Amino acid sequence: MNENIWVLASADSVAIATTLILAALGALFTERSGVLNLGIEGILLTAAISSFLAADTSGSIWLGLLIGSLAGALLACIHALLTVVLRANQIVAGLALVIFGTGLANFLGKPVEGKTVTTIIHPLSFGPLSDIPLIGPIIFGQDIITYASIAIAILSSLYLFRSRPGLELRATGDDPATVDAQGLSVASIRIRYTLFGGLLVGLGGSWLMLAQSAAWHQASTTNGIGWIALALVVFAGWRPIRLIFGAVLFGFTLQLPFTLQAEQITFIPSALMQMLPYLATLVALIALSRPSMRNKLGAPQALGTPFVRDER
Amino acid sequence: MTNTSHEVAKGPHHESGAAPSALSAHSIVKRFPGVLANDSVDFDVLPGEVHTLLGENGAGKSTLAAMLCGLYQPDSGYITRNGERIALSSPRAGLQHGIAMVHQHFRLVERFTVAENVILGSRDLSFRLNRSELEDRVSAVAESFGLPIEPGATVGDLSVGQRQRVEIVKALYQGAEILLLDEPTAVLVPAEVEKLFENVHAMTQAGKSIVFISHKLGEVVEISDRVTVLRNGRVTGHVSGRGTTDTRELARLMVGRDIELTTQRASHATGHEVLQIRDLSLNVGGVSVLSDISFNVHAGEMVGIAGVAGNGQKELAETIAGLTSPTSGSIAITGSMSTDRGPIHARELGLAYVPEDRLGMGLVPSMSILDNLLLTRDRNFVVDRASVEPEAVRLIEQFEIKANGPEHIARKLSGGNAQKVLLARELSGGRSATKLLVVCSPTRGLDVGAIETVRALLNDARSAGQAILLISEDLDEVMSLSDRILVLYRGSIVHETPGESAQLATVGAAMAGLSTEGNA
């Protein structure tokens with residue numbers, strides 16, 4: 001039955017990838033406007049518990065997803081206020097958001113720690129298609145949000161590179177002074193995409209809760225996926241399509257330790273495997289800190305820099 | 001070719017004195033904290049005319065232009081367009097009235113193509129972008145004004161002159177009738193200036209109005225139909241008529257007194273070699289920044305390095321100063337090797353270094369004049385401020401630094417005075433007497449009065465037998481001060497000429513990479 005384990009593993013990779021795609025797309029939109037939001041992990045956690053509480057009390061998954069997404073946007077709103085309106089240091093504000101989001105999730109989730117959500121998102125059924133060996137469970141065994149996340153990523157790519165607002169968004173991240181001189185409001189663009197980014201991250205966090213975790217554990221629900229999403233944006237070169245493949249790859253790596261354990265393959269320590277995505281994150285953050293590397297990777301050139309119209 | 005087009009444009013296409021002005025400013029007043037930037041300024045430009053705003057740095061010309069395009073709003077006074085009063089609340093409002101500004105620092109996204117840059121911010125576009133259709137539209141606009149551009153090219157790959165053309169096309173694409181050109185020639189080599197002037201004439205022929213902002217007298221006389229001179233925020237004179245203008249008169253209006261920018265060169269024989277550079281090469285991140293540079297600077301000689309910004313000037317200065325280790329080659333100061341020995345060693349050999357970024361690398365902005373002076377003095381563990389104070393007082397007097405005393409904070413000095421403090425510190429010698437002075441863009445951003453002083457100080461240092469390496473992007477400065485001129489292009493010295501016989505055209509061509517010596 002070894003084959004089955006690998007099929008399940010692949011299906012799991014795609015599933016984990018959903019959260020990654022949504023969270024990383026959120027980060028991508030935010031960063032394309034020139035705002036670096038390191039608080040993704042905190043937003044994911046807060047969104048997860050918010051969706052849990054909403055779904056648990058109302059019994060509706062859709063309300064859970066909605067509330068979770070809005071919670072994400074709300075937290076991103078704090079980041080936008082601090083960094084765009086008040087022009088605070090984006091790294092400091094982002095780290096503060098991680099701490100705040102984690103603390104808030106801890107506070108909200110204390111009464112339900114370890115509790116299982118009553119209703120969860122179920123995979124869509126494609127009838128006989130889902131029963132096709134190998135590709136059936138992988139391609140036709142996912143739920144609607146997973147399919148939606150891939151669609152959102154493809155639409156995002158078209159929006160960024162083939163539309164007028166996308167052009168303006170990319171220009172804002174690269175050269176806000178130019179956008180300002182054209183009479184467009186840099187602040188408004190940055191706030192909008194930071195909020196939209198938070199909304200996507202929130203959706204990712206809600207989905208993680210309602211489709212994956214099923215039980216709320218403050219310490220292990222997100223498990224650092226927010227940080228991995230940030231790294232993923234870097235490795236994808238701020239391009240949505242590449243991000244899909246990156247997310248699947250990361251998703252595969254994330255579940256690999258469990259599969260290997262199930263297969264009783266022990267020559268690679270599973271702790272080492274579990275470490276890999278985080279190691280990749282570390283590498284990505286180091287790369288981000290070097291200006292020459294940033295340019296090579298295709299980072300928005302004004303990423304992390306508050307915009308002030310130069311007075312003369 | 002250029003001459004003919006000049007002739008054509010001098011034609012009297014707006015002789016009627018009563019033509020309604022395309023754009024006028026009436027009694028404009030603008031205050032910034034502590035500064036009266038514009039003091040009841042009147043200004044107007046006619047259709048098809050080049051009207052120049054001339055003035056020193058800080059005279060208020062950029063502020064006025066910023067109000068004419070909607071970037072700032074006047075505190076009092078008003079602006080009319082074709083005789084009708086208009087409110088310019090933002091750059092977008094300016095564009096809607098057909099007023100566009102071409103900024104000194106280009107407002108272009110380097111990663112975007114030319115076409116993407118041109119259409120950025122246009123509201124008449126559909127949600128979906130059709131690349132080839134856009135490129136055709138941009139080309140059509142550019143060609144109708146004789147401005148050749150490649151709409152599909154990435155802006156980051158273009159030369160400075162080409163980027164400026166993209167800016168102009170962008171303004172025209174947005175339907176600008178009045179173009180404000182803010183110091184457009186500051187970044188161009190002479191050949192590109194010619195090209196720009198041709199473009200300006202093509203635009204005025206088409207009935208566009210040009211507001212030309214500059215402080216360079218020669219080009220102002222060449223391009224302008226009328227000139228308005230600003231000083232300390234006030235209009236000090238109007239001059240009209242092309243070619244009839246005396247630059248001396250304009251200079252007087254601009255500065256408020258007669259000025260004499262010295263063009264003194266070493267008359268005495270120069271001494272021994274103080275700086276010897278052999279086969280110097282530098283690679284940064286796999287890219288060659290300097291390649292095979294060899295030259296000497298003698299005692300009592302000023303060698304000027306000319307070149308367009310970014311051709312290796314900064315790296316050359318920093319390598320000589322010991323801040324960067326070269327990939328290969330050697331540097332000797334007063335006969336001793338200084339390669340790879342670091343900045344302290346170079347200074348002990350008699351090097352003094354005036355970096356371009358005077359408040360960033362030159363002085364510590366938050367420290368006093370005295371403390372800044374102490375930085376290059378003795379390196380004992382305990383700082384003896386009392387012993388250096390008399391010297392600080394003496395230098396403040398000698399260099400005519402406008403400061404409250406040795407405790408004056410460097411950041412609070414004007415640009416000219418900060419530069420004087422830096423020169424005073426470097427020229428007066430630190431732990432060892434100064435024998436070699438490396439100065440980078442010493443007069444950049446200074447007003448004419450301060451430029452005069454700084455240049456005189458450099459001349460005095462040369463007369464005193466110090467060897468000077470002058471690295472400057474201001475070609476006039478290099479031409480008028482240097483005993484010998486070297487042109488740096490893409491990290492190589494492509495041209496060398498004695499200062500006295502240097503020709504602007506030849507040096508300019510070398511700066512643009514069109515070396516006639518064939519060793520480029």
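Each reported figure results from applying straightforward, stated rules to the coordinates on display, with no laboratory input. Since we're looking at a predicted model, the values are computed, not measured. A quick note on method: Cβ atoms are made from the backbone with ideal geometry, for glycine too, and the neighbour counts reach across all protein chains shown.
For the protein assembly as shown, build the charge dipole from Cβ charges (+1 Lys, Arg; -1 Asp, Glu) around the Cα centre, then report which of A:Ile138, B:Ile277, B:Val354 sits farthest towards its positive end.
Value computed over the given set: A:Ile138.
Would you grab the residues whose amide H sits under 5 Å from the one on B:Val289? Only those 5+ places off in sequence or on another chain, please, with H modelled 1.01 Å from N.
The answer is B:Leu282, B:Asn283, B:Val284.
Quick one: Karplus J couplings for the stretch B:114-122, per residue in order, coefficients 6.51, -1.76, 1.60, θ = phi - 60°, nearest Hz, x for Gly and Pro?
Result, rounded to whole Hz: 4, 4, 4, 5, 5, 8, 4, x, 5.
So for the stretch A:168-312, averaging the separation of alpha carbon pairs under 8 Å that are six or more residues apart and normalising by length, what relative contact order in percent results?
On the way: 95 pairs, mean separation 45.5, N = 145.
Relative contact order, the stretch A:168-312: 31 percent.
Would you calculate the separation in nanometres between label points at B:Ser336 and A:Ala271, each defined as 7 Å from the Cα along the Cα-to-beta-carbon direction?
Result: 5.6 nm between the two label points.
Using alpha carbons only, how many angstrom separate the centre of the stretch B:490-512 from the centre of the stretch B:181-213?
Between the Cα centre of the stretch B:490-512 and that of the stretch B:181-213, the gap is 24 Å.
Going toward the positive end of the dipole of chain A, with +1 on Lys and Arg Cβ and -1 on Asp and Glu Cβ, which of A:Ala71, A:Val35, A:Ala271 do you reach last?
A:Val35
Tell me which residues come under 5 Å, amide H to amide H, from B:Leu23 once H is placed; ignore anything under 5 positions away on its chain.
Long-range HN contacts for B:Leu23: B:Val45, B:Asn82.
Go from 0 up to the bin containing the longest alpha carbon distance in chain B, width 20 Å each, and give me the % of pairs per bin.
P(r) over chain B, rounded to whole percents: 20, 49, 28, 2.
With point charges of +1 on the Cβ of Lys and Arg and -1 on the Cβ of Asp and Glu, referenced to the Cα centre of chain A, which listed residue (A:Ala88, A:Pro257, A:Phe307) lies farthest in the positive direction of the dipole?
It is A:Phe307.
Going by amide H atoms built from the backbone, whose H comes under 5 Å of the H on B:Ala37, apart from near neighbours?
Residues meeting the criterion, in which the H sits 1.01 Å from N, are B:Lys30, B:Arg31, B:Phe32.
Restricting attention to the stretch A:218-287, which chymotrypsin sites (Phe, Trp or Tyr not before Pro) occupy a DSSP loop and are surrounded by at most 16 other Cβ atoms within 10 Å?
Passing both the DSSP loop test and the Cβ count: A:Phe267.
Quick one, can you get me the convex hull of the C-alpha atoms of the stretch B:153-253 expressed as volume per residue in Å³?
Values: hull volume 12.2 nm³, N = 101.
Taking the convex hull of the Cα positions in the stretch B:153-253, it is 120 Å³ per residue.
From the backbone phi of the stretch B:178-189, what are the Karplus-calculated ³J(HN,Hα) couplings (6.51 cos²θ - 1.76 cosθ + 1.60, θ = phi - 60°) in whole Hz, Gly and Pro given as x?
Coupling constants for the stretch B:178-189: 10, 10, 9, 9, 8, 6, x, 8, 4, 9, 9, 7 Hz.
At 20 °C and a viscosity of 1.002 mPa s, what translational diffusion coefficient does Stokes-Einstein give for chain A, taking Rh as the Kirkwood radius over Cα pairs? Give it in µm²/s as a whole number.
Numbers: Rh = 19.8 Å.
This corresponds to a translational diffusion coefficient of 108 µm²/s.
In the stretch A:28-136, which chymotrypsin sites (Phe, Trp or Tyr not before Pro) are in a loop and have at most 15 other Cβ atoms within 10 Å, using DSSP for the loop call? Mind showing how you got there, number by number?
Numbers: sites: A:Phe29, A:Phe52, A:Trp62, A:Phe100, A:Phe107, A:Phe126; in loops: A:Phe126.
Here the sparse-neighbourhood loop sites are A:Phe126.
Where nothing but the Cβ of Lys and Arg (+1) and of Asp and Glu (-1) is charged, how large is the charge dipole of the stretch B:273-511 around its Cα centre, in debye to the nearest 20?
The dipole magnitude comes to about 460 debye.
Taking the Cα atoms of the stretch B:320-461, report the difference between the largest and smallest coordinate on each principal axis, in whole Å and largest first.
45, 39, 26
Residue by residue through the stretch B:334-342, which ³J(HN,Hα) values in whole Hz follow from phi under the Karplus form 6.51 cos²θ - 1.76 cosθ + 1.60 (θ = phi - 60°), with glycine and proline marked x?
Computed from phi, the couplings for the stretch B:334-342 are 6, x, 9, 4, 10, 4, 6, 9, x Hz.
Would you work out the relative contact order for the stretch B:273-511, in percent, from Cα pairs under 8 angstrom that are 6 or more residues apart? Kindly include the intermediate steps, with their values, before the conclusion.
Values: 480 pairs, mean separation 67.4, N = 239.
Computed value for the stretch B:273-511: 28 percent relative contact order.
Between B:Arg385 and B:His272, what FRET efficiency follows from the Cβ-Cβ distance if R0 is 41 Å, with the result rounded to 0.05?
Working: r = 37 Å, r/R0 = 0.89.
For B:Arg385 and B:His272, the calculated efficiency is 0.65.
Using the Kirkwood radius built from alpha carbon pairs, what does the Stokes-Einstein equation give as D for the stretch A:200-312 at 37 °C and 0.692 mPa s, in µm² per second?
Working: Rh = 16.3 Å.
Answer from the Stokes-Einstein relation: 202 µm²/s.
Taking only the C-alpha atoms, wrap a convex hull around the stretch B:110-176 and report its volume per residue in Å³ as a whole number. Mind dumping the intermediate values first?
Values: hull volume 5.3 nm³, N = 67.
That works out to 79 Å³ per residue.
How large are Rg and Dmax for the stretch A:112-228 when only the alpha carbon atoms are used, in Å?
Values for the stretch A:112-228 (Cα only, Rg and Dmax): 19.3, 58 Å.
How big is the Cα convex hull of the protein assembly as shown in projection, averaged over all directions, in nm²? Each step should come with its number before you reach the end.
Details: hull surface 172.6 nm².
Averaged projected hull area, Cα only: 43.2 nm².
Kirkwood Rh, the stretch B:273-511, all Cα pairs: how many Å? Working shown, then result.
Working: mean 1/r = 0.0553 Å⁻¹.
About 18.1 Å, per the Kirkwood formula over Cα pairs.
Taking 27 Å as the cut-off for C-alpha to C-alpha distance, list the pairs among B:Lys30/B:Lys314; B:Lys61/B:Lys412; B:Lys61/B:Lys195; B:Lys30/B:Lys195; B:Lys61/B:Lys208 that go past it. Spell out each step's value before the answer.
Numbers: B:Lys30/B:Lys314 37 Å; B:Lys61/B:Lys412 23 Å; B:Lys61/B:Lys195 24 Å; B:Lys30/B:Lys195 35 Å; B:Lys61/B:Lys208 20 Å.
Exceeds cut-off: B:Lys30/B:Lys314; B:Lys30/B:Lys195.
With springs only between Cα atoms under 10 Å apart, run a GNM on chain A and tell me which of A:Ala280, A:Ala262, A:Ala54 wobbles the most.
Top of the fluctuation ranking is A:Ala262.
With +1 on each Lys and Arg Cβ and -1 on each Asp and Glu Cβ, how big is the dipole of the stretch B:110-176 about its Cα centre, in debye rounded to the nearest 20? Each step should come with its number before you reach the end.
Working: 8 positive and 10 negative charges, 38 e Å.
Its charge dipole is roughly 180 debye.
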